[in-house]
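Any read-out appearing in this document is the output of simple, stated calculations on the displayed coordinates, not a laboratory observation. Quick caveat: nothing in here was measured; it's all calculated off a predicted structure. Heads up, the Cβs are rebuilt from the backbone with ideal geometry, glycines too, and the neighbour counts pull from every protein chain shown.
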Amino acid sequence: MPKILVIEDDADMVAALRMPLEANGYEIVAAATGEEGLKKAKESKPDLIILDVMMETATAGFQVSLELRSRDPKSEYADCRDIPILMLTAIHTTTSLRFGPDEAYLPVDDFVDKPIDPDVLVEKMERLLERSK
Amino acid sequence: MEKLEQVLDRLVAGVQTALRGDGAAVRLLNGDGRHLVLGAASGLAAGREGTERVPLEGCPLDEEALAGAPVVVVDARDDKRAACVPEQCRAAVCVSLVHSGEPVGTLHVYGKKPGSFDEDDVASLVALGDLGAAAIASARAANAREKLEASKAHFVRVTTHELRSPVTVAQSLVRGVLKGYAGELSEKQMDVFTRVAGRLDHLENLVNDLLSLAAGRAPELAEKEGPVMLRASVGRAVLLFQPRADDKGVSLRQETCCEGLVIWGTEEGLDSVFSNLVSNAVKYTPSGGRVLVTMRATGDEVVVQVADTGIGIPAEAIPHLFEEFYRAPNAKAADEAGTGLGLAIVRDLVERYSGTIDVDSEEGKGSTFTVTLPIYRFDG
């Protein structure tokens, strides 16, 4: 059963994510802050991380992704570097911010726009999990 | 619209030239009406007066002029009122600036020679003072309007960001339920949740449109402006709504031209203009109808037209079409989900890029929206 770390500060959004994730048999680990998310990423070694872009401050999500993908060999998150990250964003459609590993803008593997379409979410997760096998 | 400083600079320069004076100054009354602040100065008056406010009692010339009649100083050396006259000048005339019965400030002209100004000069200064007072009042009003618009836009931006988050969370929850991830739904539950989802989608559209509207009015957006390829932007809008047109059985076609043509703006803004227009055309054109997007360059301008054979706009609705939240009655009847903000966003953006938008429409026959934008040339 793949383990999914959900880093999201809005408990209602976590509830919305739980529905399709549990229905698909994923194990869920939730973290409500960026700090807690980093700690749980290290401890629980998830198969995939769902990361909210706008936690606490507008940049907390970005910082978490940068920490997890740090190229510094001494980084305490070096073991987490290959865990796929799916970012939740409400701003992709309303800004020209670009996402994706190839573009060097933001080190995440894919993104899902809020409001979440559960089918799109599951499809993107499956693709990332398949790729990282 | 001219800024207040520009109006004042032009006023003193104009006064000095018209009256062949050696200097001129305008002083403005502050809010309490008891103090004067230098507005602008030219010639020998320039750089002489400080920018700090001075009490009216310390300026006998201004005080007297504000009491009614123009004050003429023939020779400053023999005149106790002439404390504020520049050192190298001997003659002065001071008139009050009054707009709609309210004193605004005072206007001064100075001459090096004693007796520089005659009765005609005084009459001219009075006339220039009247014009100046009107110009100052209008610049102040424009300033106040601009400030109000900016703070309104800021308020809308902040509140809608706050609104957007709970709406998207609620949408995500309801979508999960509707897709059966919270268990199987009865027909009745499905109906209820579908209605909730519809309302939430409408709310999301409204919030997004409000954000666009506020963003379009944000002064800081000008920094992001640059050359944008027009054809690509129009093409993206057509591409975006092609599936919807196909589903509906509406023919959506684009006649392209103007390759490499560039206008000054932002890509997002321009995309928003054409997406809104094409989306409306498809939305309000019934099955079997046509939407045609054309472009043509004429001299320094490019004209983009979005023409449809849709429901058209009633004549009485056309004057209100670009107002925020206005929706023509037949549009309301045809589509419940519209926000009435799309065309306000379009107009704001087009005007921001120094263009114009016009509409030609007949109810029941169709509408043509025409956007005219200046072509940007790299050589200036």
- Rough spin-label spacing in nm, given labels placed 7 Å along Cα→Cβ, for B:LYS179 and B:LYS3: 5.2
- Task: Once you have all Cα-Cα distances for region B:280-380, histogram them in 5 Å bins from zero and send the whole-percent values.
- Result: 2, 12, 20, 24, 19, 11, 6, 3, 2, 0
- Ranking of A:TYR77, B:TYR284 by count of other Cβ atoms within 10 Å, fewest first: A:TYR77, B:TYR284
- Task: Show that you can apply the helix-only estimate: for chain B, add -39,500 (n - 2.57) for every DSSP H stretch of four or more residues, divide by all residues, and state [θ] at 222 nm to the nearest 500.
- Result: -15000 deg cm²/dmol
- Spin-label point model (7 Å from Cα, Cβ direction): what's the A:THR33 to B:ALA232 distance in nm? 4.3
- Hey, what's the Kirkwood Rh for chain B if you take every pair of different alpha carbons, in angstrom? 25.4
- Share of alpha-carbon pairs per 10 Å distance bin for region B:4-144, given as whole %: 13, 49, 33, 4, 0
- Task: Report, ordered by chain and residue number, the lysines lying within cross-link reach of B:LYS3, taken as a straight Cα distance under 22 Å and ignoring same-chain residues fewer than 8 apart.
- Result: B:LYS147, B:LYS152
- Message: So the label point goes 7 Å from the Cα of A:GLU76 along Cα→C-beta, right? Which residues of region A:14-47 then have their backbone N under 19 Å from it?
- Response: A:31-46
- Please label the shape of region B:35-80 as rounded, prolate or oblate, based on the square roots a ≥ b ≥ c of the eigenvalues of the alpha-carbon gyration tensor (a/c under 1.5 means rounded; beyond that, a/b larger than b/c means prolate, else oblate). oblate
- Message: Can you tell me which of B:SER151, B:SER272, B:SER100 moves the most in a GNM of chain B? Springs connect C-alpha atoms under 10 Å apart.
- Response: B:SER100
- Item | Mean-position separation - Cα centroids, region B:91-129 and region A:15-48, in angstrom | 77
- Using modelled backbone amide H atoms (1.01 Å from N, in-plane), which distant-in-sequence or interchain residues come within less than 5 Å of B:ALA40's amide H? B:VAL26
- Which residues qualify? For A:PHE111, with a placed amide H closer than 5 Å and at least 5 residues away or on another chain, they are A:MET87
- Amide H partners (placed H, <5 Å) of B:HIS99, local residues excluded: B:VAL104
- Query: Hey, fewest Cβ within 10 Å first, where do B:ARG20, B:ARG27, B:ARG140, B:ARG327 land in order?
  - Reply: B:ARG20, B:ARG140, B:ARG327, B:ARG27
- Note on the structure: Counting only DSSP beta bridges with both partners in region B:225-380, the antiparallel fraction in percent, to the nearest 5, comes to 85
- Item | Mean-position separation - Cα centroids, region B:356-370 and region B:142-167, in angstrom | 30
- Hey, fewest Cβ within 10 Å first, where do A:SER44, B:SER186, B:SER124 land in order? B:SER186, A:SER44, B:SER124
- Task: Could you tell me which of rounded, prolate or oblate describes region A:1-61, using a ≥ b ≥ c as the square roots of the eigenvalues of the alpha-carbon gyration tensor, with rounded for a/c under 1.5 and, failing that, prolate when a/b is larger than b/c and oblate otherwise?
- Result: oblate
- Note on the structure: Around B:PRO227 (Cβ within 11 Å, Cβ-to-Cβ, excluding B:PRO227; K/R +1, D/E -1) the net charge comes to -1
- Message: On a full-extension model of 0.36 nm per residue, what is the gain between B:LYS152 and B:GLU363, subtracting their alpha-carbon distance, rounded to one decimal in nm?
- Response: 72.5 nm
- Item | the protein assembly as shown pair-distance distribution - Cα-Cα, 20 Å bins, rounded % | 18, 34, 28, 16, 3, 0
- Here, B:ARG145 and B:GLU87, labelled 7 Å along Cα→Cβ, have an inter-label distance in nm of 4.5
- Query: Quick one: helix B:4-18 against the long Cα principal axis of chain B, what's the angle to the nearest 10°, folded into 0 to 90?
  - Reply: 40
- Task: Calculate one ³J(HN,Hα) per residue across region B:175-185 by plugging θ = phi - 60° into the Karplus curve 6.51 cos²θ - 1.76 cosθ + 1.60, and present them in order as whole Hz with x for glycine and proline.
- Result: 4, x, 5, 4, 7, x, 6, 10, x, 6, 9
